[in-house]
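The values are calculated or read from the model by the stated rules, or taken from the named source; none is laboratory data. Quick caveat, the model's predicted, so the values are computed rather than measured. Every residue, glycine as well, gets a Cβ built from its backbone with ideal geometry; the counts of neighbours run over all protein chains shown.
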Protein chains: 2
Amino acid sequence: MGIMALVVQKYGGTSVGSVERILAVAEKVHATKSSGLDVVVVVSAMSGETNRLLALANEIDKDPSLREQDVLLSTGEQVTIALLAMALEKRGCAAVSLTGPQAGILTDEIHGKARIQEIDSDKIRTHLKHGKVVIVAGFQGMTQSGHITTLGRGGSDTTAVALAAALQADECQIYTDVDGVYTTDPRVVDTASRLETITFEEMLEMSSLGSKVLQIRSVEFAGKYRVPLRVLSSFKEGPGTLIKLDDDETEGESMEQPVISGIAFNRDEAKLTLRGVPDIPGAAHKILGPIGDANILVDMIVQNIGADQTTDFTFTVNRAEFDKTKAILHEIAEELGAAEVVGDTKIVKVSIVGVGMRSHAAVASEMFKALADDGINIQMISTSEIKISVVIDERYLELAVRSLHDHFQLDKR
Amino acid sequence: MGIMALVVQKYGGTSVGSVERILAVAEKVHATKSSGLDVVVVVSAMSGETNRLLALANEIDKDPSLREQDVLLSTGEQVTIALLAMALEKRGCAAVSLTGPQAGILTDEIHGKARIQEIDSDKIRTHLKHGKVVIVAGFQGMTQSGHITTLGRGGSDTTAVALAAALQADECQIYTDVDGVYTTDPRVVDTASRLETITFEEMLEMSSLGSKVLQIRSVEFAGKYRVPLRVLSSFKEGPGTLIKLDDDETEGESMEQPVISGIAFNRDEAKLTLRGVPDIPGAAHKILGPIGDANILVDMIVQNIGADQTTDFTFTVNRAEFDKTKAILHEIAEELGAAEVVGDTKIVKVSIVGVGMRSHAAVASEMFKALADDGINIQMISTSEIKISVVIDERYLELAVRSLHDHFQLDKR
């Protein structure tokens, strides 16, 4: 990519979890700046801070006003930007902190889950021109009418990528507590190996499936705005993993592309089934409409028509929204004349991901066979061009992931 | 004052020091709102929070960037406004929180000690019109170019009064941990009694002399903009003390006005003397100019001409600025050819305050006699129309205050 002129670096909660860590981040940032690059830094709240604030809110109201929760939580990152700016200035590195609103990050009005709509980057550019490192509070923005919003937990990655896009940065570096993207979680499979590169599509599937390295929205953003993204560790040196555009690959690289890049899993889902739904047109919409209206994200969806002209409709949601979803489903069941609502929170989703899958048709059956050989029952299946996901009993998670990691020889990478 | 339409209530750090206290404040605010009044609430950071944040900053830099310190400290009040808004909404009382910048509080650019220049109260008025209690973060504002500023510690009182003035509120109620203004500090004199009313001038002298009930700038503001101010307790019921305009008094009340309203004292001062200053025109300016330029506030000033055509120049500053002031004085001494710089931090200022003093000439000599009778040596004297201050050795503070309280029969009020 030639000479880099501007990098956006993002440091998460553990990377800025103490004054010592903040001083270490200041050293890294200063070194980057001293190498001749312009630097914009995005930081999260110090680890534990967001939970501390949420606990205060919950002492007052288990279900507090989301507008006020945003006012509350946005203080977490504001503390970090000020401390990091102080640490840089102390080193003699000119720096200035900006809250999300000050940085011109404009969002929609959905408190707690706001989306960035526009970035007015004039202020940041002016500070960069004056030779300053600009430190921006992640995770937060402002509506057109001046209300503080948050992008949802972990949204600092999205802030970093959005800023990198708006400023046409040469690279967006996400510093985290892992040194790259792995073939799967090393805590589950000890032979898991770091990927040098991964495509945006693969990363997207890995993120959405619960590999917690990056927020999915940040990867979407990065892909959409063609921002080169690199995941690396704030605790040890190393090149990390570069997330690259699919069309960056030369033919040669593509040839070497393995079939499967990684195994992802998600322990945070729960399964809900509406049994005995009359098989009439529009039933699916009648079920999912109210769920969507309640801002609940639905992941996998499976529908089978039974022999008796009724159908079973099954889907998964985030486990935290299980009770809320179940309550809504009961209302829908009554309306539709469905037989019953059943649910299960003791499930996990396991997926294999790889762009190489496109040209290898037999991957799905290989996966199912590997699971069957270990006696693991598959409850739901969902496939896309570069991923196959299954829902299984949560007790079999580790067994399934290790078995698939072995089977697709991911330790050999 | 007839029917009150709008009150501004201010709750300090101890009043919102825990979730329980915030819930209690919400109850008070809700009761006021339910009585038919519009309410704007100004809050401080939860007690201890500002010190916690300062400690973090000081771990990084003993003398951090004041701009960044403002970004850091302003989070303290932001947490409180969000929690109080949640507590009110939980009670079914519509509320909205606003940070200083959101509330349209515009200040000058002096970080850490900013002064309010203008309040754009449109947003607050709109929320009030919609029937909401508006909760504003005290102590903070924004410069014209969008930097976050703080008004200095305790500046929440100033925010409350400035808002009351801008909104033409009918009363500005300062809730604190004392139930009013006392003839002196009850911890020093146990027969100290609560004043029903006090004039702005007296209050101003009491505040500036270290009676910590109200910030002096808030009293100045209130006097200037003719905002009726009431000090009352957030912990127990009671009418508190009303601070009223001098010209509100009828002749009858004025007749009953005691000579002395209270005894104030200040343990936070230190004394500095420049010895052997050549007695030339402009010497005082040459001494105080650089001190003022360094934003150091000078309180008492005494100058005596000696026999040898040189003069001793003595003044007091806040004890925290003693070292800084001394360093500047050494430079000045060299420049002016002064003999030496001496200083003393072990002093206190004790003052008697009262509008009744105006028509009673003998008050000063009575005060000096009372102190002399107890063997207390007076180091400096300063007088104004309604106050007489002396500087004494700090060891005699309690003795001096009790002696004067007795002498002027303040326990009989």
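Scoring B:Cys93 on the criteria (1) more than 9 Å from chain A (Cβ to nearest Cβ); (2) within 19 Å of B:Asp157 (Cα to Cα) leaves a single failure, condition (2).
Within the stretch B:219-233, residues that are at negative phi reach partners that are of a type in the set (Gly, Ala, Ser) and part of a helix (DSSP H, G or I) with beta carbons closer than 6 Å, at six or more positions or on different chains, in the pairs B:Val219/B:Ser207; B:Phe221/B:Ala162; B:Tyr225/B:Ala165; B:Val227/B:Ala164; B:Val227/B:Ala165; B:Leu229/B:Ala222.
Could you tell me whether any residue of the stretch A:88-101 is touching a His at 6+ places or on another chain (Cβ under 7 Å), surrounded by fewer than 24 Cβ atoms within 10 Å (Cβ to Cβ) and in contact (Cβ under 8 Å) with a residue 60 or more places away in the chain? Yes, the conditions are met somewhere in the stretch A:88-101.
The condition (being within 10 Å of chain A (Cβ to nearest Cβ) and either out of contact with any Asp or Glu (no Cβ under 8 Å at 6 or more places or on another chain) or more than 22 Å from B:Thr50 (Cα to Cα) (or both)) is satisfied by just one residue among B:Ile135, B:Ile110: B:Ile135. Remark: A:Ile119 falls outside the filter, which requires a residue to be touching a strand residue (DSSP E or B) at 6+ places or on another chain (Cβ under 8 Å), within 14 Å of another protein chain (Cβ to nearest Cβ) and under 24 Å from A:Ala82 (Cβ atoms).
If the condition is being away from every other protein chain (no Cβ under 14 Å) and touching a residue at least 24 places away in the same chain (Cβ under 8 Å), then the stretch B:122-132 contributes B:Arg125, B:Leu128, B:Gly131. Restricted to the stretch A:74-84, and to residues there that are at the interface with chain B (Cβ under 7 Å from one of its Cβ atoms) and within 23 Å of the chain's Cα centre (by Cα), the residue that is surrounded by the most Cβ atoms within 10 Å (Cβ to Cβ) is A:Ile81.
Residue-wise test of (1) closer than 18 Å to A:Ile60 by Cα; (2) at the interface with chain A (Cβ under 7 Å from one of its Cβ atoms); (3) of a type in the set (D, E, K, R).
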| position | (1), (2), (3) |
| --- | --- |
| B:Ser47 | yes, no, no |
| B:Ala57 | no, yes, no |
| B:Ile60 | no, yes, no |
| B:Glu68 | no, yes, yes |
| B:Leu72 | no, yes, no |
| B:Met86 | yes, yes, no |
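Within the stretch A:279-319, being exposed (fewer than 13 other Cβ atoms within 10 Å of the Cβ) and in contact with a helix residue (DSSP H, G or I) (Cβ under 7 Å, 6 or more places away or on another chain) holds for one residue alone: A:Ala294. Which residue is nearest to the other protein chains (Cβ to nearest Cβ), if the candidates are limited to the stretch A:21-41 and must be surrounded by 21 or more Cβ atoms within 10 Å (Cβ to Cβ) and more than 10 Å from A:Cys93 (Cα to Cα)? Taking the candidates together, the pick is A:Ile22. When we screen B:Ala361, B:Ala338, B:Ala370, B:Ala400 for residues that are assigned to a loop (DSSP other than H, G, I, E, B) and under 25 Å from B:Thr199 (Cβ atoms), the only hit is B:Ala361. In the stretch A:146-183, how many residues are in contact with a helix residue (DSSP H, G or I) (Cβ under 8 Å, 6 or more places away or on another chain), farther than 19 Å from A:Ser47 by Cα and modelled with pLDDT under 90? Of the residues in that region, 1 qualify. Taking the stretch A:42-57, which residues are surrounded by 24 or more Cβ atoms within 10 Å (Cβ to Cβ) and among the small types (Gly, Ala, Ser)? Listed by number, the residues that qualify are A:Ser44, A:Ala45. Looking only at residues of the stretch B:142-157 that are surrounded by 24 or more Cβ atoms within 10 Å (Cβ to Cβ) and within 14 Å of chain A (Cβ to nearest Cβ), we find that the one that is nearest to B:Glu49 (Cα to Cα) is B:Thr150.
Scanning the stretch A:331-344 for residues that are out of contact with any Lys or Arg (no Cβ under 7 Å at 6 or more places or on another chain), within 16 Å of A:Asp312 (Cβ to Cβ) and loosely packed, with under 14 Cβ neighbours inside 10 Å turns up just one, A:Gly337. Here A:Val133 clears all of (1) under 20 Å from A:Asp411 (Cβ atoms); (2) among the hydrophobic types (A, V, I, L, M, F, W, C); (3) touching a Lys or Arg at 6+ places or on another chain (Cβ under 6 Å) except the condition numbered (1). Residues that are modelled with pLDDT of 95 or more and out of contact with any helix residue (DSSP H, G or I) (no Cβ under 6 Å at 6 or more places or on another chain) within the stretch B:3-16 comprise B:Leu6, B:Val7, B:Gln9, listed in sequence order.
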